[in-house]
Each structure stands twice: as structure tokens, then as C-alpha cells.
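First comes the structure, then the notes that go with it.
The values are calculated or read from the model by the stated rules, or taken from the named source; none is laboratory data. Note that the coordinates shown come from a computational prediction; the quantities given were computed from them, not determined experimentally. Ideal geometry is used to build each Cβ from the backbone, glycine not excepted, and the neighbour counts take in all protein chains shown. We work out accessible area using only protein heavy atoms, side chains counted, and drop any ligands, DNA or RNA first. Shrake-Rupley method; radii C 1.70, N 1.55, O 1.52, S 1.80 Å.
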Amino acid sequence: MADKIKLSGVPETMLQTVYARAKESAGRGAIRDKKAEEIIGNLDYDFSLADKGVAMSSGVIARTILLDRLTGEWLARSPGATVVNIACGLDTRCYRMSGFAHWYNLDLPDVIDVRSRLLPENGSISQIPMSATDNWGGMIAEYDTPVLIIIEGLTMYLSEAEVKRIFSVISDRFEKATVFVETMNPTVAKHFKEKSIEGSHAKFTWGMKNGKKLAELLPDFRFVAEHSLTEGMAEFVPVYRLLGKIPFVRNISNKIVVLEKPPVGGRSDK
């Protein structure tokens, strides 16, 4: 029997994103996400609005391609690492990656309740039922491993104070950490409308012009790099190989910003 899911607001958007990945995986195949396909096959949910959300779906696929590549490369350089996936929803990246010692999936309790039913996890993969702005650092057991924090599809629903709070929790818990964080252009956050997002009664509330501006808000972190989602789009919409070279297009696209918290004494100027 299919599992009937009842969520609203930002947590409900996780159903739209896993559906986008499953549909792509089973169709065109720019990504392969068999876990997402299994999840959708076990859900009783009306995805008609998600089918109309072409821009949202394309963005989900683009960031999946980009974050899979960045995460895989980072793990290859950091064997035995700890990964914390903040606002994980029904993300399945932990099943596509190797080389980590422990992967934590963190989200609100009602989200983790749903995730636990669909993706029961244990051993090297753990679930933490807490808000991203709670003091979740004490739930991470590892101290001496490299640490990667992934924040995907979240900041655009928060306030600046909440974003700063998340990074404060990271800084308080880890002496050194790398963060991959998705950001949205503030103009897009203010004006962009998406049927599947509005149908979930969620709303974009915050954006950041670029990664360097974000780093200026976070005194313990330094800017390393940023990647426009146009890089991921180019993998399945070839015209983006050209469009991605246009500064305006790159600037209005969501970005994956790479930040680092260097250990005390190891920081360089931004």
C-alpha cells in the first residue's frame, strides 16, 4: 500500500524535489537516482503541480549534478570524513557517495519521521530530528575527522539572522569545516513565482548576491569558490554551455558557495 504523506510549508517542498529527481532518473537520465524512484513509487501524493514546475525541476537536477560532483571530489580528498546534510528532506546523496565514515541527515522532526518511514537508516548513516537553527552540534560524535556540511535548498526560505545562526552552530562545534551552501539571487527570491512552491504554501524570503558577500556576514568563514547552477544545467540543456558564460545569466542563477572555517591560526584574509 502506498504511504500517504501530509506535510505543508517548506517541509512539503522535499516531496517536489524528490519527485523531480525520480522523474529525471526514470526518464531523460541526466541523473540516476534509483532511491528517489523507489520513494516516489511508495508515495500516495498528488504531484500534478510538480509536473508544471519546469523551472523548479530543472534547478533541482542542476544542483544535484553539481553537488554530487563537488561532494564526490571532496570525499576523494578527505577519506574517513564526517558529512552533515542540513535540511536533508528526502535527499539520497548519501547512497550515491563513498569514502565517508559517518553521514548525518538532519531535518525537522516531522520531516525525519517521514524520512525514517521511507529511508530507515543506521550504522554509518544517522538521522537527526532537529531544526537547522537548533544547537545540533552536540549530536555529532566525531571530533578528529574532516567535516563537510551541505546546505541545499534551504537558505532562500530563511532570514539572514537564521542563516547566520546556522553558521554559528557550525563554527561552535567544529574547529575546521568545509561548507557547500546553496544561495539564491535576492532579486529572484523577491520576484520568482513557482507553482509547486506556492502550492506547498512555502515562500522565498532571502537571497545573497554572491559568495563573497555571504562570507562577509560570517566572520569565522572564508570564501573559497562559487559555482552557478548553469554548470549543472549545461549537462542536460546544451545551450547553457554558452548561456553560462554570460555574466547576467550566471548571476541570476542559484549558486553553490564553498566556504571554509580554517582552524585557529590557519586563517587567511578574504
May I ask you to list the residues in the range 112-128 that are at pLDDT 95 or above and either of a type in the set (S, T, N, Q) or under 17 Å from Y19 (Cα atoms) (or both)?
S124, S126, Q127
Just checking, which of V188, V147 is in contact with a helix residue (DSSP H, G or I) (Cβ under 7 Å, 6 or more places away or on another chain) and open to solvent by less than 40 Å² (accessible area, probe 1.4 Å)?
V188
Subset of the range 39-59 [open to solvent by less than 70 Å² (accessible area, probe 1.4 Å), in contact with a Ser or Thr (Cβ under 8 Å, 6 or more places away or on another chain) and modelled with pLDDT under 80]:
L49, A50, G53
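Which of the residues that make up the range 72-111 are in a helix (DSSP H, G or I), open to solvent by less than 10 Å² (accessible area, probe 1.4 Å) and modelled with pLDDT under 95? Even if it seems obvious, please write down each step before you answer.
Taking the range 72-111 as the starting set, the residues that turn out to be in a helix (DSSP H, G or I) are 72-77, 93-96, 109-111.
Restricting the remaining residues to those that are open to solvent by less than 10 Å² (accessible area, probe 1.4 Å) gives 75, 93-94, 111.
The answer is V111, and nothing else.
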Using the structure shown, decide if T64 is within 18 Å of A177 (Cα to Cα), open to solvent by less than 60 Å² (accessible area, probe 1.4 Å), in contact with a helix residue (DSSP H, G or I) (Cβ under 8 Å, 6 or more places away or on another chain) and touching a residue at least 60 places away in the same chain (Cβ under 8 Å).
no
Could you list, ordered by first residue, the pairs with Cβ atoms under 9 Å in which the first is in the range 152-164 and basic (K, R) and the second is open to solvent by less than 30 Å² (accessible area, probe 1.4 Å), at least 6 apart or interchain?
K164/L218
May I ask you to list pairs of residues, at least six apart or on different chains, whose Cβ atoms are under 6 Å apart, with the first in the range 210-222 being touching a residue at least 12 places away in the same chain (Cβ under 8 Å) and more than 16 Å from F180 (Cβ to Cβ) and the second being open to solvent by less than 40 Å² (accessible area, probe 1.4 Å) and of a type in the set (G, A, S)?
D220/S171
Kindly indicate which of E175, E182 is out of contact with any Ser or Thr (no Cβ under 8 Å at 6 or more places or on another chain) and of a type in the set (D, E, K, R).
E175
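Just to check your reading of the model, which residue among R69, R117 is closer than 15 Å to F180 by Cα, open to solvent by 20 Å² or more (accessible area, probe 1.4 Å) and either of a type outside the set (D, E, K, R) or in a helix (DSSP H, G or I) (or both)? So that I can check it myself, show each step before the final result.
Details: R117 fails: closer than 15 Å to F180 by Cα.
Of R69, R117, the one residue that is closer than 15 Å to F180 by Cα, open to solvent by 20 Å² or more (accessible area, probe 1.4 Å) and either of a type outside the set (D, E, K, R) or in a helix (DSSP H, G or I) (or both) is R69.
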(1) within 17 Å of the chain's Cα centre (by Cα); (2) farther than 19 Å from I31 by Cα: which one isn't true of G123, the others all being true?
(1)
If I246 satisfies all but one of (1) in contact (Cβ under 8 Å) with a residue 24 or more places away in the chain; (2) open to solvent by 30 Å² or more (accessible area, probe 1.4 Å), what's the number of the condition it fails?
(1)
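Evaluate the following for E226: is it open to solvent by 40 Å² or more (accessible area, probe 1.4 Å), closer than 19 Å to P186 by Cα and not β-branched (V, I, T)?
On the way: open to solvent by 40 Å² or more (accessible area, probe 1.4 Å): yes; closer than 19 Å to P186 by Cα: yes; not β-branched (V, I, T): yes.
In short, yes.
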Within the range 212-239, the residues that are closer than 20 Å to I149 by Cα and part of a loop (DSSP other than H, G, I, E, B) are L218, P219, D220, F221, L229
Here is a list: S200, S268. Which entry is modelled with pLDDT under 95 and surrounded by 14 or more Cβ atoms within 10 Å (Cβ to Cβ)?
S200
Out of R93, R63, sole residue that is under 15 Å from T13 (Cβ atoms), of a type in the set (K, R) and under 14 Å from the mean Cα position of the chain (by Cα):
R63
Subset of the range 22-38 (residues that are open to solvent by 20 Å² or more (accessible area, probe 1.4 Å), assigned to a helix (DSSP H, G or I) and without any contact (Cβ under 8 Å) to a residue 60 or more places away in the chain)
K23, A26, K34, E37, E38
